[in-house]
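Undergrad: Below are the C-alpha cells for one structure; questions will follow.
The values are calculated or read from the model by the stated rules, or taken from the named source; none is laboratory data. Here the structure is a predicted model, which is why all the values come from computation and not from measurement. Here the Cβ positions follow ideal geometry from the backbone for every residue, glycine too, while neighbour counts run over all protein chains shown.
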Amino acid sequence: MNCRICGSAVRQIEQLDVCTQVSILSSRPSVLNSSIVGIYSCSVCSHVQIKDFHDDYYDDFLMATKKTEAVVEIRNNQFETLAKLSENRDSFIEIGCGTGFNLETAGTLFHYVLGVEPSKAAAEIAKKRGCRVINDYFPTKHDIGKFFDGFALIQVLEHVTDPIDLLRSTYDILSDKAIGLIEVPNGQKIFNQKLYHSIFSDHVNYFTPLSLCKLAYQSGFEIVTFNESLNGDHLDMFVRKGGKKESFNTAIQDMIGQIASIASEYKIISAWGAGAKAFGFIKRLRESLSLKYIFDSDPIKSGRYIPGALVPVVLPEKVKINENELIVIFASSYENEIIRQLREEYGFKNDILRIGNEVKLSAK
C-alpha cells in the first residue's frame, strides 16, 4: 500500500478492532459489528491511513442535524473568516454538505450557495430547509453551471480514498483567488494521545498538519492560514486558488515596466529603505529610477552605499523628504509604518509608490 498523499510506501504500525458501521442508528436493538483493521503510517509526510472496505456506505449516511453551541460558534467564525478573505462573494459550494447547516450560514455571506451531498437522507433534509443541493458524489455528473468564489470541505477528506483527486476536482471548479475552508479530524492528536475511540472504519485517512498541508500543495492550492479548533480535535486550513502562474523573470519584467511608466511622470524621486530587499530593487531598477536620496532611519547605514546605487544612504530629514515628488518604498514589510511616518511626522504630501507585493501608487 502507498500513501494517499505523497505516494510513498507505508508500513503497518498496528492492528485495531474497530466498529464497522458508525453514524447510522438502527430502529431496534442490533448486533454491533466490528473488524480488525491495519493502521498504516507514512514516514515521509506523516499521513496515517487504513484500508477502505465500505461499499455505497454514504448512500444512507446521516450525521446529527443538531449542532452544539461550541460547533455553532466555530462554524460562524470559520465562515466569517471565509467572507473576509474572499475577494468576491458571488458564489459558494460545499462538498459533503450534509443536512445543510453550513449552507444556511454561507447563504448569509454569499449570493449563490450550492451543496453536493451523496446521502439521499441528508440531502432531502437540506432541501427541506430551503438549500440548493445536488444529491450525488463529487465530482458530480450534474452541471453545476459556474465557477465558485468560495468552498468548504468540512469533515469530508478523512472519508475518501483519493483525497488528491477530490481536491483537484474542487480546484477545477473555482474562480481565480477563490478561498476555501478544509476541516478534518486531528490525526496527530489521535495517535499521539492514543484516542482509540476516534478511530472509525469510515475514516480511512488521519491527517497531520504536515500531510494536510502536503495535500493542499499537491492539489495546487496556496495555504492562507492553519489552525486547530474544538480543543485541538480538528485541523482547520484556509486555502486559496492562485491566479496564473508566471516565472520570477516574467514578474520582474512586469514590475520594471509598471514602475518605469509611473516614474516617468516625476522629476525628483527618492527611495526609503536600505535593507536586504533594497539590493534586489536597485539591481533591477537602477536604469528605471534616477534617485536623489535613499532614506533609512538606521544611523549605522547613513553615508554608506547600496551596491549599484549612485547615491548614499541618508537619514530622513523633513527638508530633504519634501523636495521629492515621489518616494518609492523599498522596505516593503514596513510600508504602512513608513507611509504613516512620511505623512504624519514629515508632512510629506506628494505621492508614494509601494512596490512590494504589487505596484501601487498612494497619491497625495
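Undergrad: Given Gly232, Gly280, Gly275, which one is closer than 30 Å to Arg75 by Cα and not polar (S, T, N, Q)? It would help to see each step written out before you state the result.
TA: Numbers: Gly280 fails: closer than 30 Å to Arg75 by Cα; Gly275 fails: closer than 30 Å to Arg75 by Cα.
Answer to the selection: Gly232.
Table: residues versus (1) assigned by TED's automatic domain parsing to the domain that holds Gly107; (2) more than 20 Å from Thr81 (Cβ to Cβ); (3) out of contact with any Pro (no Cβ under 8 Å at 6 or more places or on another chain).
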{"site": "Gln188", "(1), (2), (3)": "yes, yes, no"}
{"site": "Phe191", "(1), (2), (3)": "yes, yes, yes"}
{"site": "His203", "(1), (2), (3)": "yes, yes, no"}
{"site": "Asn231", "(1), (2), (3)": "yes, no, yes"}
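Undergrad: Here is a further query. On the given criteria, is Ser198 surrounded by fewer than 18 Cβ atoms within 10 Å (Cβ to Cβ), in contact with a helix residue (DSSP H, G or I) (Cβ under 6 Å, 6 or more places away or on another chain) and either small (Gly, Ala, Ser) or more than 21 Å from Gly98 (Cβ to Cβ) (or both)?
TA: Numbers: surrounded by fewer than 18 Cβ atoms within 10 Å (Cβ to Cβ): yes; in contact with a helix residue (DSSP H, G or I) (Cβ under 6 Å, 6 or more places away or on another chain): yes; either small (Gly, Ala, Ser) or more than 21 Å from Gly98 (Cβ to Cβ) (or both): yes.
Here the answer is yes, as Ser198 does meet what is asked.
Undergrad: Identify, from the list Gly275, Gly308, the residue that is under 32 Å from the mean Cα position of the chain (by Cα) and small (Gly, Ala, Ser). Before the answer, list the steps.
TA: Details: Gly308 fails: under 32 Å from the mean Cα position of the chain (by Cα).
Testing whether each residue is under 32 Å from the mean Cα position of the chain (by Cα) and small (Gly, Ala, Ser) leaves just Gly275.
Undergrad: Which count do you get for residues in region 115-132 that are without any contact (Cβ under 8 Å) to a residue 60 or more places away in the chain and either of a type outside the set (A, V, I, L, M, F, W, C) or buried (at least 23 other Cβ atoms within 10 Å of the Cβ) (or both)?
TA: Count: 10.
Undergrad: Could you list, in sequence order, all residues of region 140-155 that are surrounded by fewer than 23 Cβ atoms within 10 Å (Cβ to Cβ) and hydrophobic (A, V, I, L, M, F, W, C)?
TA: Here is the first cut: in region 140-155, the ones surrounded by fewer than 23 Cβ atoms within 10 Å (Cβ to Cβ) are 140-147, 154-155.
Ile144, Phe147, Ile154 - these are the residues of region 140-155 that are surrounded by fewer than 23 Cβ atoms within 10 Å (Cβ to Cβ) and hydrophobic (A, V, I, L, M, F, W, C).
Undergrad: Only one of (1) touching an Asp or Glu at 6+ places or on another chain (Cβ under 6 Å); (2) loosely packed, with under 13 Cβ neighbours inside 10 Å; (3) of a type in the set (Gly, Ala, Ser) fails for Ser229. Which number is that?
TA: Condition not satisfied by Ser229: (2).
Undergrad: Within region 64-95, how many residues turn out to be touching a residue at least 60 places away in the same chain (Cβ under 8 Å) and loosely packed, with under 13 Cβ neighbours inside 10 Å?
TA: 2
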